[in-house]
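First comes the structure, then the notes that go with it.
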Amino acid sequence: MKHLEKDGKVLLDKFNSLDSPDREPQDGDVPVVILDVETTGLNHEKDEIIQIALRPFFVNPLSGEVSGVKKAVEFFQQPSKPLPPIITEITGFVDSDLEGKSIPWEKVSRILNYCQFIVAHNASFDRKWVEKALKSNGNPVPSDAIWACSMSQVEWSSICRASKALEVLCAWHGFYYDSHNAVSDVDATLHLLRKSDYMKQMLGNASTPDYHVFPVGSERDENPLLKSRGYRWNPEISSWWVSRDSQKRAEQECEWLVSNLRKVEPQYFEIEPKHRFS
């Protein structure tokens, strides 16, 4: 954080509200929304969403310039059980804050289905929660929107190697905010992405396909090697797999498998951007 030092001290500004948009919407701009959810736990199968915030805007995906920032939309949900103490500690919410509240998922669905990109800081977390809630409440899930991740689809390591947590990245860029409140989180995310070329970088990465590599024919005693290389087990298809962000890298991964495993016959498949993080 040396770039923030002044007289040997690191000074951080308090972020309170977004600046004016970079410009008015123009031809080529597309609708985007940044969203965030607060939940009663980490398991999207049994825990519940208690808050969702959405900040719609427009962006030129080629330049990353932001325009037409709309008012943030915020909804709360009373959970079926009292809030766990750790959630109250993290979010500041108590049961009375949520009493009688209900998220209008039909409104959320309309916003999401209008947008070309849906941005979240850890999209692999938020997408599962949001799509499960939409389906369980009888609302259409966006079928063509591309989910983009401000955590994994920006090369943050050249700026901050310590962490990709939103609070940490914001601090490394000179500001702090009231974290773990969905509205504050989405606004801080947009404020962060408007610095440098982060928005352009993220949307460019989000628009390119992933490639899933499968070590077909690998043997049981080779599992630790696969796991150490980042492979994950998919019980639905009874196979290990790993994601690579280009066809070239997928082909290189297949070459590594052949060189390091005994009887493997690797395969890879292209994954369309709209299916990422699902």
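Brief remarks follow.
- Count - residues of region 226-252 that are touching a residue at least 12 places away in the same chain (Cβ under 8 Å), within 21 Å of A206 (Cα to Cα) and of a type in the set (D, E, K, R): 4
- One residue from C149, C160 being touching a helix residue (DSSP H, G or I) at 6+ places or on another chain (Cβ under 6 Å), without any contact (Cβ under 8 Å) to a residue 24 or more places away in the chain and not acidic (D, E): C160
- Check on S278, open to solvent by 80 Å² or more (accessible area, probe 1.4 Å) and hydroxyl-bearing (S, T, Y): yes
- Residue that is surrounded by the fewest Cβ atoms within 10 Å (Cβ to Cβ), among those in region 21-44 that are in contact (Cβ under 8 Å) with a residue 40 or more places away in the chain and over 18 Å from the mean Cα position of the chain (by Cα): E24
- Some residue of region 50-72 being open to solvent by 40 Å² or more (accessible area, probe 1.4 Å), modelled with pLDDT of 90 or more, more than 21 Å from the chain's Cα centre (by Cα) and over 21 Å from S124 (Cβ atoms): no
- Answer residue from region 76-93, given it is under 23 Å from D187 (Cα atoms) and among the hydrophobic types (A, V, I, L, M, F, W, C) and is most open to solvent (accessible area, probe 1.4 Å) among those: I90
- Check on L35, outside any strand (DSSP E or B) and among the aliphatic types (A, V, I, L, M): no
- Condition check for N181: surrounded by 14 or more Cβ atoms within 10 Å (Cβ to Cβ), touching an Asp or Glu at 6+ places or on another chain (Cβ under 9 Å) and over 26 Å from S158 (Cβ atoms): yes
- Candidate set: region 231-263, residues that are hydroxyl-bearing (S, T, Y) and either in a loop (DSSP other than H, G, I, E, B) or in contact with a helix residue (DSSP H, G or I) (Cβ under 8 Å, 6 or more places away or on another chain) (or both); chosen: the one most open to solvent (accessible area, probe 1.4 Å): S238
- Residue count for region 76-96, restricted to those that are part of a loop (DSSP other than H, G, I, E, B), within 22 Å of L54 (Cα to Cα) and polar (S, T, N, Q): 2.
- N16, sole failed condition from (1) of a type in the set (S, T, N, Q); (2) in a loop (DSSP other than H, G, I, E, B); (3) more than 23 Å from the chain's Cα centre (by Cα): (3)
- Selected residue (criterion: farthest from Q267 (Cα to Cα)) from residues of region 194-225 that are in a helix (DSSP H, G or I) and free of Cβ contacts under 8 Å to residues at least 60 places away in the same chain: N205
- Annotation: S179 fulfils all but one of (1) outside any helix (DSSP H, G or I); (2) touching a Lys or Arg at 6+ places or on another chain (Cβ under 6 Å); the unmet one is (2).
- Residue ID - least open to solvent (accessible area, probe 1.4 Å), chosen from residues in region 195-207 that are within 16 Å of the chain's Cα centre (by Cα) and not aliphatic (A, V, I, L, M): Y198
- Residue, most open to solvent (accessible area, probe 1.4 Å), within region 139-175, restricted to residues that are among the hydroxyl-bearing types (S, T, Y) and over 19 Å from I34 (Cα atoms): S158
- The set of residues in region 97-130 that are open to solvent by 10 Å² or more (accessible area, probe 1.4 Å), closer than 17 Å to K70 by Cβ and in a helix (DSSP H, G or I) comprises K107, R110, I111, N113, Y114.
- Matching residues, region 17-55, being within 20 Å of S102 (Cα to Cα) and among the small types (G, A, S): G41, A53
The values are calculated or read from the model by the stated rules, or taken from the named source; none is laboratory data. Keep in mind it's a predicted model, so treat the numbers as computed, not measured. In this analysis, Cβ positions are derived from the backbone assuming ideal geometry, glycine residues included, and neighbour counts consider all displayed protein chains. Each accessible area value is taken on the protein alone, full model and side chains, heavy atoms only, with ligands, DNA and RNA left out. Shrake-Rupley method; radii C 1.70, N 1.55, O 1.52, S 1.80 Å.
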